[in-house]
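Structure record follows, encoded as structure tokens.
Just so it is clear, none of the values below were taken in a lab; they were calculated from the coordinates. Model, not experiment: these values are computed from the prediction. Neighbour counts run over all protein chains shown; Cβ positions are idealised from the backbone, glycine included.
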Amino acid sequence: MTKSAVFILILTLFSSGCATFKAAVPDRNARIVEDLESRARTIRSYAMDHTIQGKVAKRMYFQFERDGKPFFRFRSDLIRGGKRYVYIYNADGRHDYHYFPDERIAYRCPTDGLWNAGNYDKARKAQFNYHGAVVDGETVIGGRACYLLKFQNHWIAVWKKKGIPLAAMNRPDNAEDAVYYQNIEFDLPDDDFTVPAGVTIIDQKDGFFK
């Protein structure tokens, strides 16, 4: 075989190898993203703190099933206007609640109906949608192994075991400004999405309240 023939053969093999490599990476990326989504979509309910620079900004609760059937509601606990404030979306399938625990008052208004019996089964899929993400490496958050997923202008660290985000950041090397999701709980009781007995309920026609 001539030197030129050998060179052409090597070049052909190298080019084929590059093509195979380029094809394999997107396939692996898609498999990882699909696996993370499938793991997360087995979760019935969960809660976590949103922590920034070591301080809890709010606690969020999500429920995707109720009595074995698709359902969707969420709760957010935070400080609003210097007061403890709890917002419960779609508490009973018809109402939202704006609840002030220290005043023992809750304002009840009709839910916006964005999620209803016709599409509850899609809420979990929408919640855990990593479409368009590129696997940009691996990291460890709070002792939990994560994949680092890059989107157009931000990154999230997704727990390999459960498929849920444990951190969100504008840059993967900027831990100071990252939002961390901590104190995670699963399989929440229904009481987490209700207003306690003895609270004064004030009906409102819309979501605005005094």
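General observations
- Condition met for Glu138 (more than 21 Å from Arg75 (Cα to Cα), out of contact with any helix residue (DSSP H, G or I) (no Cβ under 9 Å at 6 or more places or on another chain) and touching a residue at least 40 places away in the same chain (Cβ under 8 Å)): no
- Residue within the stretch 75-86 that is surrounded by 12 or more Cβ atoms within 10 Å (Cβ to Cβ), among the aliphatic types (A, V, I, L, M) and over 14 Å from Asp191 (Cα atoms) present: yes
- Any hit, the stretch 112-122, residues being of a type in the set (Gly, Ala, Ser), within 19 Å of Met60 (Cα to Cα), free of Cβ contacts under 8 Å to residues at least 12 places away in the same chain and loosely packed, with under 12 Cβ neighbours inside 10 Å: no
- Taking the stretch 123-146 as the range and being surrounded by 12 or more Cβ atoms within 10 Å (Cβ to Cβ), touching an Asp or Glu at 6+ places or on another chain (Cβ under 9 Å) and either of a type in the set (Asp, Glu) or not in a strand (DSSP E or B) (or both) as the test, the residues that pass are Arg124, Lys125, Phe128, Asn129, Tyr130.
- All positions within the stretch 166-191 that are of a type in the set (Asp, Glu) and either buried (at least 17 other Cβ atoms within 10 Å of the Cβ) or in a loop (DSSP other than H, G, I, E, B) (or both): Asp173, Glu176, Asp177, Asp187
- Residues being more than 26 Å from Pro189 (Cβ to Cβ), surrounded by fewer than 20 Cβ atoms within 10 Å (Cβ to Cβ) and among the aliphatic types (A, V, I, L, M) - total across the stretch 32-51: 1
- The single residue among Gly54, Gly81 that is over 16 Å from Leu166 (Cα atoms) and either free of Cβ contacts under 8 Å to residues at least 60 places away in the same chain or among the hydroxyl-bearing types (Ser, Thr, Tyr) (or both) turns out to be Gly81.
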